[in-house]
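Have a look at the structure below, then the notes.
The values are calculated or read from the model by the stated rules, or taken from the named source; none is laboratory data. Predicted model only: the values in this text are computed from it and were never measured. Ideal geometry is used to build each Cβ from the backbone, glycine not excepted, and the neighbour counts take in all protein chains shown.
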Amino acid sequence: MQTRFILGPAGSGKTFRCLTEIRKVLAVEPDGPPLLLIAPKQTTYQLERQLLAYPSVAGYTRLQILSFERLAFFVFNSLQKPPPQMLDEEGRLMVLRSLLARKRDELKLFRASARLAGFAQHLSRVLRELQHHQLTPESLHELAEQVHAVEGLSYKLHDLGTMLRDYLDWLQAHHLQDGDNLLTFATEVLREPHAPLNFGEMWVDGFTDLSPQELDLLAQIIPHVPQATLTFCLDQVPTERISWLSNWSVPRRTYDRCQKRFAGLPNVELSKELLARHMNRSRFLNNSPLHHLEQHWAEPKPFVDAATAARPYSLRESLRVITCTNPEAEATLAAREVLRFVRSGGRFREVTILVRKLDNYHEALANTFKRYDIPYFLDRREAVSHHPLAELTRNALRTVAFSWSRDDWFAALKTGLVPAEDTEIDRLENEALARGWKGSTWQHPILIHDNPELTEWAENLRRKIVPPFKNLAVNMGQQSNRPSGRHLAAALRDFWQSLKVDETLQEWSDAEIAGSDSQLAPPIHLTVWEQMNAWLENVELAFPTETLPLREWLPILEAGLANLNVGVIPPALDQVLIGAIDRSRNPDIRLALVLGMNEGVFPAPPEQSVLLTDADREELKKKDVELGASTRQQIGHERYYGYVACTRARQRVVLTSAIFDAAGKPLNPSPFLSQLKQLFPSLETETFPKSLDWRKSEHANELIVPLLRNQVQSPISKVQGVSALNKFPALAALRERLKHFSTTPTEESLSPELAERLYGPALRTSVSRMEQFAACPFKFFVHSGLRAEERKKFELDIRDQGNFQHEVLASFHEQLKTENKRWRDISPQEARERIKSIALTMMVSYRDGLLQVSEETRFTARVLTESLQDFVETLVGWMGQQYAFDPKAVELPFGEDLFPAWELELGKDHKLLLHGRIDRIDICRESEDAEEALCVVVDYKSSQKQLDPLLMEHGLQLQLAAYLNVLRHWPDPRPIFGVQRLIPSGVFYVNLRGRYDREQNRDLALAASESARKLAYRHSGRFDAGVLSRLDQRPGVKEGDQFNFRLTKDGKIHGNSKEAMETQAFAMLLNGVETSLTSMGQAIYSGVAKLDPYRKGTMTACEGCDYNSICRVDPWVHQFRVLRKAEEA
């Protein structure tokens, strides 16, 4: 048997030679014994395309183009022996995760880490590395004893030996084999006596390195083939040792190992053939710069640029080095270079984009190439652990395991794989959040007492979506919620079938193909379906009889799901190939762009092991145990990859580096660029500009910035000449898109006719909504015009806490009213007890039990109750001593059926109808039979609030005074207040939680508890100074505690007492509120809806606004409306 080694440098035609020989054999004898072409898995499809590109080969059945994995199965099939039951990577991870949970207490060092997500993946990598180096559990325990002085390493080796033993025992007990041992089993089958194998010739091409398992399998196959050919990327037949720094060190090491391994085979004759360099018979035809680069890469020699008719490619045309700002700029440069190349007559498939690793570049390249409308293929395996099917499966199991948790339940529903529209699921989620539906709610019919129409819709939807999940729960329950792997897999298959998942995925795949610009739409959904079924098969294989509680299954299953990934079929059409240098195969490339030529990027630093550090490996090396590639070998790999990257193209190579990485961290140029400088001293490094000249644009998207600037800038600042672009029909689509990115029209308004249609002839709103208009007209328009609402949630927010306190106080008042008592008729202590009793009763039923859902809400309810007790105790105390007013009405609505709205005429047949609810109204009569009474309005707040004169002047704090105006204009106050006329006397905020000042220490804080409490509940607002004697009846008082005032020695209001106003000034305040509301109502009907938020100091109307995502105001550049006093304005 002849075994031939074909050697040659990059571009010398090694692959071409193999394919030529295969074509000749197929032409002579198309039906002979099978021919074998062994190549890396990711290149097999490309080789098929290359082979069929020649008219002499229209098709074939004799040739097998195989990866080593497929070669192993080919061996089993040829020998008519079934392959062993193999556990692939997902199954391996699930078993290791299960073993970590069981054996955690036996571990010395990894005990705490064993439960961490992702630890099984790290453990799997290390165990695989140990197995590849033929380390057994026993040898690991022996090593642990030998390095006992290094405590951390000794414990690690003990734990790794323990886990490896447990894993191997598991495989043996379940009659399974590890997927990594597939080649080993194929090799062993070939060693056993078997019938003669009738193979044709074999070619092995495209491998930089071969593992011991791959070498062993080849050694067993070679005796069964008439001739075997192996290719090596070497520029000469090795005769002497070479430096580890040489770019030939990696293929040389593989060559030496193959020669040593195959030389000992019986009846095998080794021969060597060198494909020498020759410019006219290589990849670099007539391209002297690239030919020189390949020839002298290992030992740089200066190049002399001398383009001639026979060699037309100059250095500038063949090789460029460009510095860019960051990876995004590199991607942009690459896109521009591709478009230039195609416009000059090239094809997209003749271009490749190469990076050392795709992790840092794939998103930038994908986004940029989409923007430039460049067809591309990204040669990488896509993670699908969050594909809708994986998410459905994961969250369905969590739903069952965790009593139908809302987050898990809706995460499953939102995958698109349940029989409901997305809008229906969104609406159902909104209702669930607002009404607190969770857990057992979904197991029973939905009933909404006050909304039969909503009940019918929700119940119909529940009946449609719940059964598959309920059946899954029933299947789990039949196993006492301790299913085995076999039962779990069967239940999930039934679950998928009930939802018709396979049909939905087929529909998605068909839709993608129909809607794709390319005729090659990768059927990823169907591939995921296959992967998920394989994942279930792994569950059945690994855990056929093991039973576990469902909650313990979840991390085991997640270990397998998290590792799911799919490969996509390589391009068959005209597409740019984007890939990593160590993975992608690029046949017949004219232009190669190599990105990321930076130190620490390319060459890449050695990969760091998480479980075994470099120090651990050095310590093991002292014991003659060398794991993985050494640092020198890794450097050799990187130098070889640098050589390969720069020699892929046959016409032109562009290398780019970045000044900063994606996170803004500075980067240094790659040492490969220094090597290029030695090869080409005259090669200049170009700089890619940060901003592109629009006149040199390669694609319409590069005109977006100048076109946008011309849309938003003043005529003086506009870019000259850009406006002329609007005449080009080719840019019509781009101009249409840019309309949506124009500056937010701050001055835009509605027509009066449209405003009337939107609001009706009578605008029914509240004072707080009118304050919204004063803050920003656009905010009012979105809320009151477009009726945009916040999502309601069943949670105890600040508003609900305040409403609870309001309802308790209202119930307190009504209770006294029923007993024909006033607040002042009971003692402070009795008032305190009544509040407690009312609050405890109300906690149970408030908002369907919202205050009882958790310890947190129960604690909050107690705190709210205690603050109310303090407040009522303090207020009743004031009533018994100084406060002459009595609460007469609480939570008084106006604008409803029984009580009229406050109506303001706006002219032009328009009205403003204000509705609302007044928290509390206190009145004071001179005598029982008096026909008029002083009245004050008290507004409860959950935090401290004060009236600001500037905000009141600009209509931003009108609510309190407006409520007093409502009472002033009340048509008939007698039925409620018992008087003919109400005299406005004051408006006040009161903080129901109290505002306590800090003291120096705890003793001082407790000592001043009574006085501090009075100050904590001090009322803040405005009042008529003429009624001060009724607000505070204490004789000789100089300073208020319930109200904020000070008196001079002669009993007059102190100048600093801003809250006390003269009677005339107080009346003007109320009249001004009415005028402001009328003015704003007229502005609304005139169509004012402009985006005009105010600013007062550092405070703006945009803070806490719910509509920021709609208006898109940028607070850094927006010109806010600054509030100023009238005289300043």
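Going through (1) out of contact with any helix residue (DSSP H, G or I) (no Cβ under 6 Å at 6 or more places or on another chain); (2) farther than 15 Å from Ser98 by Cα one by one, Leu557 falls short only on (2). If you filter segment 675-693 down to residues that are hydroxyl-bearing (Ser, Thr, Tyr) and either closer than 14 Å to Leu319 by Cα or modelled with pLDDT under 90 (or both), you find that the one that is surrounded by the fewest Cβ atoms within 10 Å (Cβ to Cβ) is Ser691.
Considering only residues in segment 6-36 that are among the acidic types (Asp, Glu) and over 25 Å from Ala219 (Cα atoms), the one that is surrounded by the most Cβ atoms within 10 Å (Cβ to Cβ) turns out to be Glu29.
Yes or no: Phe859 under 40 Å from the mean Cα position of the chain (by Cα), in a helix (DSSP H, G or I) and surrounded by fewer than 20 Cβ atoms within 10 Å (Cβ to Cβ)? Yes: the conditions hold for Phe859. Scanning segment 127-134 finds one or more residues that are over 30 Å from His224 (Cβ atoms) and not aliphatic (A, V, I, L, M). Taking (1) touching a residue at least 24 places away in the same chain (Cβ under 8 Å); (2) buried (at least 17 other Cβ atoms within 10 Å of the Cβ); (3) touching a helix residue (DSSP H, G or I) at 6+ places or on another chain (Cβ under 8 Å); (4) not β-branched (Val, Ile, Thr) in turn, Pro388 satisfies each apart from (3). In segment 870-887, the count of residues that are over 21 Å from Asp922 (Cα atoms), crowded, with 16+ Cβ neighbours inside 10 Å and not assigned by TED's automatic domain parsing to the domain that holds Glu431 is zero. Being touching a Cys at 6+ places or on another chain (Cβ under 6 Å), of a type outside the set (A, V, I, L, M) and buried (at least 16 other Cβ atoms within 10 Å of the Cβ): is that true of Glu350 here? Answer is no for this residue.
Filtering segment 411-430 to residues that are surrounded by fewer than 20 Cβ atoms within 10 Å (Cβ to Cβ) and over 19 Å from Ser498 (Cβ atoms) leaves Asp422, Thr423, Asp426, Arg427, Glu429, Asn430.
Table: residues versus (1) modelled with pLDDT of 90 or more; (2) in the same structural domain as Lys622 (by TED's automatic domain parsing); (3) not in a helix (DSSP H, G or I).
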{"position": "Leu164", "(1), (2), (3)": "yes, no, no"}
{"position": "His175", "(1), (2), (3)": "no, no, yes"}
{"position": "Thr187", "(1), (2), (3)": "yes, no, no"}
{"position": "Leu190", "(1), (2), (3)": "yes, no, no"}
{"position": "Phe199", "(1), (2), (3)": "yes, no, yes"}
{"position": "Asp216", "(1), (2), (3)": "yes, no, no"}
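In this entry, Ala473 is excluded by the filter for residues that are free of Cβ contacts under 8 Å to residues at least 60 places away in the same chain, small (Gly, Ala, Ser) and either in a helix (DSSP H, G or I) or within 30 Å of Phe543 (Cβ to Cβ) (or both). Residues in segment 1059-1083 that are assigned to a loop (DSSP other than H, G, I, E, B) and touching a Leu at 6+ places or on another chain (Cβ under 9 Å): 1 in all. Go through the residues of segment 263-271 one by one and say whether even a single one is part of a strand (DSSP E or B), loosely packed, with under 13 Cβ neighbours inside 10 Å and out of contact with any Gly (no Cβ under 6 Å at 6 or more places or on another chain). Yes: segment 263-271 contains one or more residues that are part of a strand (DSSP E or B), loosely packed, with under 13 Cβ neighbours inside 10 Å and out of contact with any Gly (no Cβ under 6 Å at 6 or more places or on another chain). Would it be correct to say that Ser78 is surrounded by 16 or more Cβ atoms within 10 Å (Cβ to Cβ), modelled with pLDDT of 85 or more and assigned by TED's automatic domain parsing to the domain that holds Arg165? No: the conditions fail for Ser78. Cβ-Cβ distances below 7 Å connect the following pairs, each with a first residue in segment 152-168 that is free of Cβ contacts under 8 Å to residues at least 60 places away in the same chain and of a type in the set (Gly, Ala, Ser), a second residue that is assigned to a helix (DSSP H, G or I) and surrounded by fewer than 21 Cβ atoms within 10 Å (Cβ to Cβ), and a separation of six or more residues or different chains: Gly161/Pro137; Gly161/His141. For segment 920-939, how many residues meet the condition of being in contact (Cβ under 8 Å) with a residue 60 or more places away in the chain and either crowded, with 21+ Cβ neighbours inside 10 Å or among the aliphatic types (A, V, I, L, M) (or both)? Selection size over segment 920-939: 4.
Evaluating Glu330 against the criteria (1) over 21 Å from Ala645 (Cα atoms); (2) surrounded by 21 or more Cβ atoms within 10 Å (Cβ to Cβ) leaves one unmet condition, (1). The set of residues from segment 370-385 being exposed (fewer than 15 other Cβ atoms within 10 Å of the Cβ) and either modelled with pLDDT of 90 or more or of a type in the set (A, V, I, L, M) (or both) comprises Lys370, Ala383. In segment 195-244, the qualifying residues are those that are aromatic (Phe, Trp, Tyr) and under 20 Å from Pro40 (Cβ atoms), and the one that is nearest to the chain's Cα centre (by Cα) is Phe207. Quick check on my filter: what residues within segment 111-130 are outside any helix (DSSP H, G or I) and farther than 17 Å from Ile556 by Cβ? Once the filter is applied, which keeps residues that are outside any helix (DSSP H, G or I) and farther than 17 Å from Ile556 by Cβ, segment 111-130 yields Arg111, Ala112. Residues in segment 953-989 that are out of contact with any Phe, Trp or Tyr (no Cβ under 9 Å at 6 or more places or on another chain) and within 25 Å of Asn803 (Cα to Cα): Gln957, Leu958, Gln959, Ala961, Leu964. When we screen Thr3, Thr44 for residues that are buried (at least 18 other Cβ atoms within 10 Å of the Cβ), at pLDDT 90 or above and not small (Gly, Ala, Ser), the only hit is Thr3. From Gly1087, Gly1081, which residue is in contact (Cβ under 8 Å) with a residue 24 or more places away in the chain, within 30 Å of Val936 (Cα to Cα), buried (at least 17 other Cβ atoms within 10 Å of the Cβ) and not aliphatic (A, V, I, L, M)? Answer to the check: Gly1081.
Reported count of residues in segment 662-700, each being among the hydrophobic types (A, V, I, L, M, F, W, C) and on the phi > 0 side of the Ramachandran plot, is 0.
Exactly one residue among Ala53, Ala39, Ala117 is modelled with pLDDT under 90 and either buried (at least 17 other Cβ atoms within 10 Å of the Cβ) or more than 23 Å from Glu546 (Cα to Cα) (or both), and that residue is Ala53.
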